[in-house]
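What follows is one structure encoded as structure tokens, with my remarks underneath.
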């Protein structure tokens, strides 16, 4: 008598490199568990107690200011291997460009660029 093969679960794949969307990998059980923890994790209230702009002087004379802005905070269960607390931070990047030659003047804000993961 022939055995009936067990029903196999269809393997799920995800893009692993946003810059190269053709690169995909199978989703592991650990990733599924992490995604479930992310869904269930509570959003925490928080207060930003300090901000710091990174200042970049480009070779074309532009004065560029950059900072990461925290927009959300979640608390995950403690790491099962180490017992250490785990947090997830949602952030956006802020970029300001001061026109060439206008170093002591007012900043010309050209926009805030965001990238969420």
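Just so it is clear, none of the values below were taken in a lab; they were calculated from the coordinates. Computed from a predicted structure; not experimentally measured. Neighbour counts are summed over all protein chains in view; Cβ atoms, including those assigned to glycine, are modelled from backbone coordinates with ideal geometry.
Annotations
- Rounded if a/c under 1.5, otherwise prolate or oblate - region 25-74, Cα gyration tensor axes: oblate
- Protection proxy ranking of 69-79, 29-39, by the mean of other Cβ atoms within 10 Å over each peptide's residues and highest first, is 69-79, 29-39.
- When peptides 84-96, 53-65 are sorted by average Cβ neighbour count within 10 Å, with the highest value leading, the order is 84-96, 53-65.
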